[in-house]
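The values are calculated or read from the model by the stated rules, or taken from the named source; none is laboratory data. Keep in mind that what you see is a predicted model, and the values were worked out from it rather than measured. Cβ placement follows ideal geometry from the backbone for every residue including glycine, while neighbour counts extend to all protein chains displayed.
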Amino acid sequence: MSLPVTHYLVVSAILFVIGLIGLLTRRNLLLILLSIEIMLNAANLNFIAGSALHGHVEGQVTAFFVMVLAAAEVTIGLTIAVLLFRKQDSVDTREITFLKG
Amino acid sequence: MENLLFYFFSFLAIGSSLGVILNPRPTRALLLLVVTMVALSALYLLLGAFFLSIAQIIVYAGAVLVLFLFVIMLQGIEAEELPLLTRFHPVILVLMLLCSAVLGFFLLRVFTGFTAGAMKGVDGSLQAVGRSLFTDFLLPFELTAILLLLGVFAAIALAKKEDA
């Protein structure tokens, strides 16, 4: 444990920003979901670094819950992608024009 | 040695996640995300979170990303990505960079002004995490079981064809 915790926090922040950029710039719905996975994992790294910093195991438990949440989220997201593909033969977000508010 | 491992795996994670958002081919982006997950699990190992490091590989590289791979190979190949420069006006891009630079400057000030104590280290074994999970966090743990069950139901309900 020689490295200061700031190193891990910086890596986590960089990964989060990369995920955010991917979320905003990608057009394929599936790749947008992948960017969300990057962001969730960046948050997880933050939790685990905090857990090691304070010597509590609670951060790791929270990271575990985030993993479970990500698995559930991926299930629903992929189902929506399948439905979208069935409806209009594409997962390109530019072509989703039938959503009405 | 620990520093070397940390820098190697964090650069691996950052580089491959850049590949995920920049690679125009969805399948390759997905495989790069597997590299990111493995590098992150190595970082968890450095932080002493042994159980989560293995869970990361099993859950992400093993289950979630294989699910993704199936769906992408079945139907996600054709959405084409446009380069950033042709999609946005250069003026907008410059403004975006300016805003990000201001935000990044303030974030850096927060980071440099932040002095954390030395890492205490934590027992991240399956035993320790499991004990915390089944004593302090028993209710949330049961709720995640319900969440996963609801996820299964929702996937079946959404994906079922109407006429079937």
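For A:E73, all conditions in the list (1) of a type in the set (D, E, K, R); (2) part of a helix (DSSP H, G or I); (3) farther than 30 Å from B:L126 by Cβ hold save one; what is the number of the exception?
(3)
Could you please give the count of residues in segment B:1-35 that are within 7 Å of chain A (Cβ to nearest Cβ) and either modelled with pLDDT under 90 or out of contact with any His (no Cβ under 7 Å at 6 or more places or on another chain) (or both)?
13
Quick check on B:M96: is it farther than 21 Å from B:L46 by Cβ and under 25 Å from the mean Cα position of the chain (by Cα)? So that I can check it myself, show each step before the final result.
Values: farther than 21 Å from B:L46 by Cβ: yes; under 25 Å from the mean Cα position of the chain (by Cα): yes.
Here the answer is yes, as B:M96 does meet what is asked.
Would you check if there is a residue in segment B:42-57 being at positive phi and either modelled with pLDDT of 85 or more or within 7 Å of chain A (Cβ to nearest Cβ) (or both)?
Yes, there is a match, as at least one residue in segment B:42-57 is at positive phi and either modelled with pLDDT of 85 or more or within 7 Å of chain A (Cβ to nearest Cβ) (or both).
Filter segment B:10-28 down to residues that are within 13 Å of the chain's Cα centre (by Cα) and farther than 20 Å from A:P4 by Cα, then give me how many there are.
Total meeting the criteria: 5.
Under 7 Å by Cβ, and 6 or more places apart or on different chains, what pairs join a residue from segment A:18-40 that is more than 21 Å from A:A72 (Cα to Cα) with one that is basic (K, R) and surrounded by fewer than 19 Cβ atoms within 10 Å (Cβ to Cβ)?
A:R27/A:R94
How many residues are under 18 Å from the mean Cα position of the chain (by Cα) and in contact (Cβ under 8 Å) with a residue 12 or more places away in the chain when one looks only at segment A:53-68?
The total comes to 6.
Just one of (1) within 8 Å of chain B (Cβ to nearest Cβ); (2) within 27 Å of B:F153 (Cβ to Cβ); (3) small (G, A, S) trips up A:G55, so point out which.
Among (1) within 8 Å of chain B (Cβ to nearest Cβ); (2) within 27 Å of B:F153 (Cβ to Cβ); (3) small (G, A, S), A:G55 violates only (2).
Name the single residue that is farthest from the other protein chains (Cβ to nearest Cβ) among those in segment B:115-163 being among the hydroxyl-bearing types (S, T, Y) and surrounded by fewer than 10 Cβ atoms within 10 Å (Cβ to Cβ). Break it down into steps so the answer makes sense when it comes.
Looking only at segment B:115-163, we keep the residues that are among the hydroxyl-bearing types (S, T, Y), and these are B:115, B:125, B:132, B:135, B:144.
When the remaining residues are screened for being surrounded by fewer than 10 Cβ atoms within 10 Å (Cβ to Cβ), the result is B:115, B:135.
Numbers: B:T115: 9, B:T135: 10 Å.
Per the stated criteria, the residue is B:T135.
Show me the helices (runs of 4 or more DSSP H) entirely contained within segment B:1-111 in which 2 or more residues are touching an Asp or Glu at 6+ places or on another chain (Cβ under 7 Å) and within 16 Å of A:S12 (Cα to Cα).
Hits in segment B:1-111: B:26-46.
Within segment B:31-75, restricting attention to residues that are more than 13 Å from the chain's Cα centre (by Cα) and among the β-branched types (V, I, T), which residue is surrounded by the most Cβ atoms within 10 Å (Cβ to Cβ)?
Across segment B:31-75, the extreme among qualifying residues is B:I72.
Go through A:I18, A:I32 for me and flag whichever is modelled with pLDDT of 85 or more, surrounded by 17 or more Cβ atoms within 10 Å (Cβ to Cβ) and more than 7 Å from chain B (Cβ to nearest Cβ).
Every option except A:I32 fails the conditions.
What are the residues in segment A:35-52 that are within 16 Å of B:F114 (Cα to Cα) and at the interface with chain B (Cβ under 7 Å from one of its Cβ atoms), if any?
A:A49, the sole residue that qualifies.
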